[in-house]
Amino acid sequence: MAGGLRRPSAPSIALLTLLLLTAACSSPRPAPPVPPVTPSPAAPGPVSPSPSPAQGPVIVGPAPADLHDVDWAKTPVPGEFCDVPGLVHLNAEGEATATSRTWGTVGIQGGNTIKYGDTDGDQRDEAAIYMACDDNGATMSGQLVAAYVVFTRKGDNLAAIGAITPRQKSASYITALVGLEFAPGRITAHEKWYRQTDPHCCPTGDATTVWTREGDRLTPGEPRVVS
């Protein structure tokens with residue numbers, strides 16, 4: 001048709017369609033929106049274990065009306081003063097071997113030195129049994145702990161309410177316990193501690209620590225150096 005537009009042929013239409021499809025496929029397609037990420041909580045760091053709750057009195061057996069009548073040589077003693085779980089049963093010589101959670105195999109001696117006094121005002125004495133813990137002969141001067149384990153009556157039972165241990169630190173060896181004084185609501189421990197130049201035989205320092213009794217709990221005060 002003169003002067004008019006030429007109608008595109010079928011091959012031209014097919015080629016144009018192919019080009020349009022190719023361009024559409026090659027053009028970048030926007031990525032789908034990324035949803036905001038909620039940060040996950042940080043992994044917890046190391047948690048320090050909480051202190052164990054204070055335990056109540058440890059019942060070790062029946063009690064006579066007067067604790068002076070207890071056969072202490074046959075009385076089991078809680079081993080917590082040397083970090084030994086459970087009760088320690090001493091042999092006829094007043095000795096035992098046990099496993100401490102802190103020191104491994106330990107030797108325990110005691111049951112021969114007993115102090116008596118009334119701390120709760122019931123006109124009946126409590127008893128404190130001297131106990132010692134050592135490294136079972138691993139070294140020449142292997143004593144690890146000295147303690148007085150304190151017993152009282154709970155109904156018809158004999159119960160340990162805690163262990164009195166030295167509070168004044170020594171420069172060498174361990175501080176010795178040399179005596180107790182009982183009074184209403186408290187027990188005063190007398191301690192001998194080592195100065196730097198003291199030989200093993202002869203600590204020259206003296207200190208006292210007052211342990212307060214509240215119910216069936218013994219709580220130490222600060223040690224007081226007296227010499």
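The values are calculated or read from the model by the stated rules, or taken from the named source; none is laboratory data. None of these values were measured; they are calculated from a predicted model. Cβ sites come from the backbone with ideal geometry, for glycine too, and all protein chains shown count toward neighbours.
Let's see how each residue does on (1) in contact (Cβ under 8 Å) with a residue 40 or more places away in the chain; (2) within 25 Å of Gln123 (Cβ to Cβ); (3) among the aliphatic types (A, V, I, L, M):
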position	(1), (2), (3)
Ala147	yes, no, yes
Val150	yes, yes, yes
Ile161	yes, yes, yes
Thr165	yes, no, no
Lys169	no, no, no
Ala183	yes, yes, yes
Thr188	no, yes, no
Pro199	no, no, no
Ala207	yes, no, yes
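Can you pull out the residues in the stretch 187-202 that are closer than 27 Å to Thr105 by Cβ and modelled with pLDDT under 95?
If the condition is that a residue be closer than 27 Å to Thr105 by Cβ and modelled with pLDDT under 95, then His200, Cys201 are the ones that fit.
Assess whether Ile129 counts as being in a strand (DSSP E or B), β-branched (Val, Ile, Thr) and touching a Pro at 6+ places or on another chain (Cβ under 6 Å).
Details: in a strand (DSSP E or B): yes; β-branched (Val, Ile, Thr): yes; touching a Pro at 6+ places or on another chain (Cβ under 6 Å): no.
When the stated conditions are applied, Ile129 does not pass them.
Scan Arg101, Arg124 and give me the residue that is out of contact with any strand residue (DSSP E or B) (no Cβ under 9 Å at 6 or more places or on another chain) and of a type in the set (D, E, K, R). Before the answer, list the steps.
On the way: Arg124 fails: out of contact with any strand residue (DSSP E or B) (no Cβ under 9 Å at 6 or more places or on another chain).
None of the others qualify; the one that does is Arg101.
Do we have Tyr148 as surrounded by 19 or more Cβ atoms within 10 Å (Cβ to Cβ) and either of a type outside the set (Gly, Ala, Ser) or closer than 17 Å to Trp211 by Cβ (or both) here? Spell out the reasoning first.
On the way: surrounded by 19 or more Cβ atoms within 10 Å (Cβ to Cβ): yes; either of a type outside the set (Gly, Ala, Ser) or closer than 17 Å to Trp211 by Cβ (or both): yes.
It is true that Tyr148 is surrounded by 19 or more Cβ atoms within 10 Å (Cβ to Cβ) and either of a type outside the set (Gly, Ala, Ser) or closer than 17 Å to Trp211 by Cβ (or both).
Cβ-Cβ under 6 Å, sequence separation 6+ or interchain: first residue in the stretch 58-70 and within 21 Å of Val88 (Cα to Cα) and surrounded by 12 or more Cβ atoms within 10 Å (Cβ to Cβ), partner of a type outside the set (A, V, I, L, M) and modelled with pLDDT of 95 or more. Which pairs?
Final answer for the pair search is Val58/Pro78; Ile59/Asn157; Val60/Pro76; Ala63/Arg153; Ala63/Asn157; Leu67/Asp125.
Any chance you could count how many residues in the stretch 73-119 are modelled with pLDDT under 95, surrounded by 19 or more Cβ atoms within 10 Å (Cβ to Cβ) and assigned to a helix (DSSP H, G or I)?
Looking only at that region, the number is 0.
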